[in-house]
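All remarks here apply to the structure that follows.
The values are calculated or read from the model by the stated rules, or taken from the named source; none is laboratory data. None of the values given here were measured: they were computed from a predicted structure. Cβ: placed from backbone, ideal geometry, glycine included. Neighbour counts: every protein chain shown.
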Amino acid sequence: MNTISINGRFLAQPLTGVQRFARELTQALDRKIGAGAVPEALRGADWRLIVPDGAAVDLDLGAIRVERLGGGAGHLWEQTALAWRARRDLLLGFGGSGPLLKRHQLTVIHDATIFRHPDSFSRSYRLLHGLLGAVLTRMATIATVSHFSRQELGEIFRVDPEGISVVYNATDHFAGLTPDEAVLDRLELAGGDYFLLVGTLKPNKNIAFAIRAFEALAAPGQKLVIVGGIHSRVFNGGDYGSGDSLVFAGRLSDAEIAALERRATAFVFPSLYEGFGIPPLEAMSQGCPVLASDIAPVREACGEAAFYFDPMQPQTLVQAMRTVLENPGKRDRLIADGHDNAQRFSWAGSADALLAVIAKMQTAA
């Protein structure tokens, strides 16, 4: 029986977009396997999720068995304990890394941010992940989360982008949420009195730009709520300012974010660089109008459903914010278009795309 193993290191890491992708895709795969909805080449395969000993496994799995493995939880665990345990398996990694010397593996590299915006990362992080990317793009089968990232990875690592598969992010993990409205009272928000920004506080997220634009807007009664944390050992920080109209909420639960999205004036996504851009899609799924940076990966994700601005020109964001405040009809159209756009993506569809790649790998092995 063929064994297909999933690198579960993501369960020992803080939850950001990469870990979200890994969690939701693993669960979507589990549902497909449980229903028998897999390609012929994968029927009868033994699926397992190998997780570092001590990691919390809170996934809803029925068809994929969980196997704990000691030896740490970081890169050393991945290169030694995991590499040995999965030596005969097809190994799937959803977090941009994997055993360097293993050929029979599929690794999802989400973006090329460390090369395009190196100032957002520590030197040690850049060196390590640059090495991982350079080796894995030649040793392993590579997938990524957008056509934009496929071209970027091909250019940076000098490999044929046609050999890189695209497996999109999705937003339907938000569909069944019960919003936690208590967060509004805790943050002293009434609803309709704030713009919302969700993202890790690192330079390429362009948060200082959004703050400057919001301050220039000078809209009485409006606040800018910023949700997200900063990983000081990986990302280089920045001075994001302060003031009564700025609310730094820190890390919040999905239910709290959903509540904020449903009551926000608009969602602001000012990023300079992304692999895909899932936060604006999550906001769209909650009926929140989106003001987004006019960059290629965000256009790929949001289509014509966002109000775009130039992420280098604060006045363009000021105008976008003023428009949704003063033009209710425009705001309503953004909400309707955003809801329709979010339906283009699903974890089930992403699982199907991934299964097709895996089946091809199994057939060729």
With the checklist (1) part of a helix (DSSP H, G or I); (2) at pLDDT 95 or above; (3) within 26 Å of residue 279 (Cβ to Cβ) in hand, flag the one item residue 18 doesn't pass. (2)
So the check is Cβ under 6 Å with 6+ separation or different chains; which pairs have a first residue in the range 80-99 that's within 19 Å of residue 13 (Cα to Cα) and a second one that's of a type in the set (A, V, I, L, M) and in a loop (DSSP other than H, G, I, E, B)? 96/109
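Residue-wise test of (1) free of Cβ contacts under 8 Å to residues at least 24 places away in the same chain; (2) crowded, with 22+ Cβ neighbours inside 10 Å; (3) touching a Ser or Thr at 6+ places or on another chain (Cβ under 8 Å).
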site: 129; (1), (2), (3): no, no, yes
site: 139; (1), (2), (3): no, no, no
site: 146; (1), (2), (3): no, yes, no
site: 154; (1), (2), (3): yes, no, no
site: 178; (1), (2), (3): no, no, no
site: 184; (1), (2), (3): no, no, no
site: 197; (1), (2), (3): no, yes, no
Checking the structure you have, find out if any residue of the range 46-58 is under 20 Å from residue 156 (Cα atoms), in contact (Cβ under 8 Å) with a residue 24 or more places away in the chain and aliphatic (A, V, I, L, M). no
Go through 149, 124 for me and flag whichever is in a helix (DSSP H, G or I), of a type in the set (Gly, Ala, Ser) and within 26 Å of residue 227 (Cα to Cα). 149
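What residue, among those in the range 269-307 that are of a type in the set (Asp, Glu) and in contact with a strand residue (DSSP E or B) (Cβ under 9 Å, 6 or more places away or on another chain), is farthest from residue 151 (Cα to Cα)?
The extreme case among them is 282.
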Take residue 138 and decide whether it is of a type in the set (Lys, Arg) and either under 22 Å from residue 118 (Cα atoms) or not in a helix (DSSP H, G or I) (or both). no
Out of all the residues in the range 220-239, which are touching a strand residue (DSSP E or B) at 6+ places or on another chain (Cβ under 9 Å) and at pLDDT 55 or above? 222, 223, 224, 225, 226, 227, 228, 229
Residues of the range 156-174 being in contact (Cβ under 8 Å) with a residue 60 or more places away in the chain and either small (Gly, Ala, Ser) or under 20 Å from residue 115 (Cβ atoms) (or both), in sequence order, are 165, 166, 170
Matching residues, the range 51-90, being farther than 18 Å from residue 30 by Cα and assigned to a strand (DSSP E or B): 52, 69
Every residue in the range 91-119 that is hydroxyl-bearing (Ser, Thr, Tyr) and part of a strand (DSSP E or B), please. 107
Residue 251 vs (1) of a type outside the set (A, V, I, L, M, F, W, C); (2) buried (at least 16 other Cβ atoms within 10 Å of the Cβ); (3) in contact (Cβ under 8 Å) with a residue 24 or more places away in the chain: all pass except (2)
Only listed residue being of a type in the set (A, V, I, L, M, F, W, C), farther than 14 Å from residue 7 by Cβ and modelled with pLDDT of 95 or more, chosen from 38, 135: 38
Out of the residues in the range 69-114 meeting the condition of being of a type in the set (Asp, Glu) and within 19 Å of residue 3 (Cα to Cα), tell me which one is surrounded by the most Cβ atoms within 10 Å (Cβ to Cβ). 78
